[in-house]
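Enquirer: Take this structure, written in structure tokens, and hold onto it; I'll ask about it next.
The values are calculated or read from the model by the stated rules, or taken from the named source; none is laboratory data. What you are looking at is a predicted structure, and each value in this text was computed from that prediction instead of being measured. When we count neighbours, we look across all protein chains shown, and the Cβ atoms used for this are built from the backbone with ideal geometry, even at glycine.
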Amino acid sequence: MKELAEILLKAESVVAVTGAGVSAESGVPTFRGPDGYWRSHRAEELATAEAFQRNPQLVWEWYNERRLAIAAKEPNPAHRILAGWEKRLPGFHLITQNVDGLHQRAGSRNVIALHGDIWEMRCGTENVTMRNEETPLRVIPPRCQRCGALLRPNVVWFGEALPQAALHRAEKLAETCDALLVIGTSAIVYPAAALPMLAKRRGAVVIEINPDETPLSAQADYRLRGKAGEILSAIDRAIHARSPRCARQEPAKVVGQRRKT
Ligand code: BJW
């Protein structure tokens with residue numbers, strides 16, 4: 001932990017990429033874990049544009065249930081520590097695949113959301129996105145108040161492009177960071193799964209935090225086996241012990257040969 005604290009404090013830019021495992025300790029199910037969504041639901045029936053076209057009622061019922069469940073959950077220590085690092089480490093950036101909004105509720109302000117936001121809806125006809133936090137939804141499927149068209153959750157389904165600006169920013173950050181933490185993701189869904197390898201190819205230290213092995217594990221420089229809340233708390237304690245007042249040192253003058261682009 002001391003060694004990791006040192007790496008994070010010396011880095012000019014630290015990036016954290018999070019997945020469903022970060023919200024698991026809040027009680028939000030993951031996708032592929034023992035109680036994960038894809039154990040009881042078929043992804044093709046719920047998380048594709050074709051599924052939505054076929055049966056918007058079914059898809060919206062699933063999202064309505066998830067919204068209800070998430071609304072009753074609270075951010076956990078992992079969310080809160082990452083929100084704290086945004087304030088303490090000037091070069092810290094958070095990229096998430098999660099759509100639950102718990103990072104934002106914990107206080108993270110600059111979240112790069114790769115897979116959208118379950119609290120937003122989109123009108124396909126007008127291409128307008130709107131915030132909607134109604135739980136439970138009064139009408140399923142919801143319709144656009146302006147044009148009457150079906151609204152869809154503003155999330156990224158399989159086979160759909162990720163929001164271009166968010167993906168571009170995430171890739172740039174991965175390519176230019178000094179350390180990249182990969183927390184609570186099975187690291188199998190692309191293009192998010194490619195970010196750690198982008199970082200590694202450019203010389204960054206890659207740190208995986210996950211109770212289980214993933215396809216990334218063999219490539220990671222540090223593999224910390226355990227729950228995100230516990231491991232991040234330990235790293236956070238080491239950071240505070242190392243640099244109690246500011247938790248930030250002057251960046252090292254030269255970090256390898258790699259430089260920002
Ligand atoms: C803990 C813990 C604790 C538990 N602490 N940890 C290249 C190669 C192969 C395939 C592809 C490829 N490029 C694209 C594809 C296809 C596809 C893909 O990747 N498929 C793979 C499954 C093979 N990708 C896509 O389709 C993407 N689109 C795309 O690439 O478009 C290209 C395009 C370009 C231009 C035009 C058109 C198209 C889109 C992917 C969208 C993913 N969507 C979902 C649903 C989001 C909405 C919603 O939530 O409803 O995103 S699927 C689901 O998976 C969700 C997640 O964000 C994502 C990742 O899951 P995550 O977060 O990793 O969760 P789990 O459950 O998998 O893992 C949890 C982990 O936590 C586990 O490891 C546990 O051990 C751990 N854990 N407790 C720490 N306490």
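Enquirer: Do any helices (runs of 4 or more DSSP H) lying entirely in the range 1-96 carry at least 2 residues that are away from the ligand (no atom under 11 Å from the Cβ) and of a type in the set (Lys, Arg), and which ones are they?
Expert: 2-10, 77-88
Enquirer: Just checking, how many residues over the range 108-154 are farther than 23 Å from Ala165 by Cβ and not charged (D, E, K, R)?
Expert: The total comes to 13.
Enquirer: Restricting to the range 32-41, what's the tally of residues that are closer than 16 Å to Gln97 by Cα and either assigned by TED's automatic domain parsing to the domain that holds His79 or charged (D, E, K, R) (or both)?
Expert: Residues flagged as closer than 16 Å to Gln97 by Cα and either assigned by TED's automatic domain parsing to the domain that holds His79 or charged (D, E, K, R) (or both) within the range 32-41 amount to 1.
Enquirer: Next question. Write out, first by first residue and then by second, each pair whose Cβ atoms fall under 6 Å of each other, whose residues are 6+ apart or on separate chains, and whose first residue, in the range 187-212, is on the phi > 0 side of the Ramachandran plot while the second is within 7 Å of the ligand (Cβ to nearest atom).
Expert: Matching pairs, first to second residue: Ala187/Ala193; Ala187/Thr214.
Enquirer: Within the range 203-245, track down each residue that is more than 12 Å from the ligand (Cβ to nearest atom) and surrounded by 19 or more Cβ atoms within 10 Å (Cβ to Cβ).
Expert: If the condition is that a residue be more than 12 Å from the ligand (Cβ to nearest atom) and surrounded by 19 or more Cβ atoms within 10 Å (Cβ to Cβ), then Ala204, Val205, Val206, Ile207, Ala220, Ile235, Asp236, Ile239 are the ones that fit.
Enquirer: Hey, which of the strands (runs of 3 or more DSSP E) in the range 119-212, taking only ones fully inside, have at least 3 residues that are over 30 Å from Met1 (Cα atoms)?
Expert: Of the strands (runs of 3 or more DSSP E) lying wholly inside the range 119-212, those with at least 3 residues that are over 30 Å from Met1 (Cα atoms) span 128-131, 151-155.
Enquirer: Which residue pairs have Cβ atoms under 7 Å apart, sit 6 or more places apart or on different chains, and have a first residue in the range 133-147 that is among the acidic types (Asp, Glu) and a second that is not in a loop (DSSP other than H, G, I, E, B)?
Expert: Qualifying pairs under 7 Å: Glu133/Trp119.
Enquirer: Also: Looking at (1) buried (at least 17 other Cβ atoms within 10 Å of the Cβ); (2) not assigned by TED's automatic domain parsing to the domain that holds Lys10, can you tell me which one Thr125 breaks?
Expert: Result: Thr125 fails condition (1) only.
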